[in-house]
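The values are calculated or read from the model by the stated rules, or taken from the named source; none is laboratory data. From a predicted model like this one, the values you see are computed outputs, not experimental measurements. Cβ placement follows ideal geometry from the backbone for every residue including glycine, while neighbour counts extend to all protein chains displayed. The area values use the complete protein model at the heavy-atom level, side chains included, leaving out ligands, DNA and RNA. Shrake-Rupley method; radii C 1.70, N 1.55, O 1.52, S 1.80 Å.
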Amino acid sequence: QVHLVESGGGLVQPGGSLRLSCAASGSIFSRTAMGWYRQAPGKGRALVASITSSGNTNYADSVKGRFTISRDNTKRILYLQMNSLKPEDTAVYSCNAFPAAYFDWGQGTQVAVSS
């Protein structure tokens, strides 16, 4: 089983940047496509970005051009660089396998975008 720990969230003003990290245990991480998901207040969880084990990426239209997903398979860390943040990006961000989120969910990291 893979244990996921997200970090890097916080309060940021509109237009600001944050870099999220997801540390994963287990060697299976390097062979697994991963995704960043977010759940805004009162809404369901949605996929934000995904990356295959070889580094191919895909993004939701709402974040395309502003967010960048990457991974370090040696360190078993998944990243999400978020630039030009908007209030509508406010959510709890979590990582998991993609397309099926079959790992146990971590605690997530809260991102709040507000002036």
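Key figures
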quantity	calculated
Every pair of residues 6+ apart whose Cβ atoms lie under 7 Å, when the first sits in the range 34-49 and is part of a strand (DSSP E or B) while the second is open to solvent by 50 Å² or more (accessible area, probe 1.4 Å) and of a type in the set (S, T, N, Q)	45/39; 49/57; 49/58
Residue 11 being over 13 Å from the mean Cα position of the chain (by Cα) and aliphatic (A, V, I, L, M)	yes
Any hit, the range 39-48, residues being modelled with pLDDT of 95 or more, exposed (fewer than 15 other Cβ atoms within 10 Å of the Cβ), farther than 20 Å from residue 88 by Cα and under 11 Å from the mean Cα position of the chain (by Cα)	no
In the range 69-88, the residues that are more than 13 Å from residue 36 (Cα to Cα) and open to solvent by less than 50 Å² (accessible area, probe 1.4 Å)	72, 85
Qualifying residues in the range 103-115 (those that are surrounded by fewer than 19 Cβ atoms within 10 Å (Cβ to Cβ) and among the hydrophobic types (A, V, I, L, M, F, W, C)) - the one farthest from residue 43 (Cα to Cα)	105
Among residues of the range 1-36, those that are among the aliphatic types (A, V, I, L, M), surrounded by fewer than 16 Cβ atoms within 10 Å (Cβ to Cβ) and at pLDDT 95 or above, counted	2
Candidate set: the range 89-102, residues that are more than 16 Å from residue 21 (Cα to Cα) and within 14 Å of the chain's Cα centre (by Cα); chosen: the one surrounded by the most Cβ atoms within 10 Å (Cβ to Cβ)	89
Members of the range 85-96 that are over 15 Å from residue 5 (Cβ atoms) and in contact with a strand residue (DSSP E or B) (Cβ under 7 Å, 6 or more places away or on another chain)	85, 86, 87, 89, 90, 91
Selection within the range 39-84 - aliphatic (A, V, I, L, M) and within 17 Å of residue 4 (Cβ to Cβ)	47, 48, 49, 51, 69, 77, 78, 80
Only listed residue being at pLDDT 95 or above and not in a loop (DSSP other than H, G, I, E, B), chosen from 62, 70, 84	70
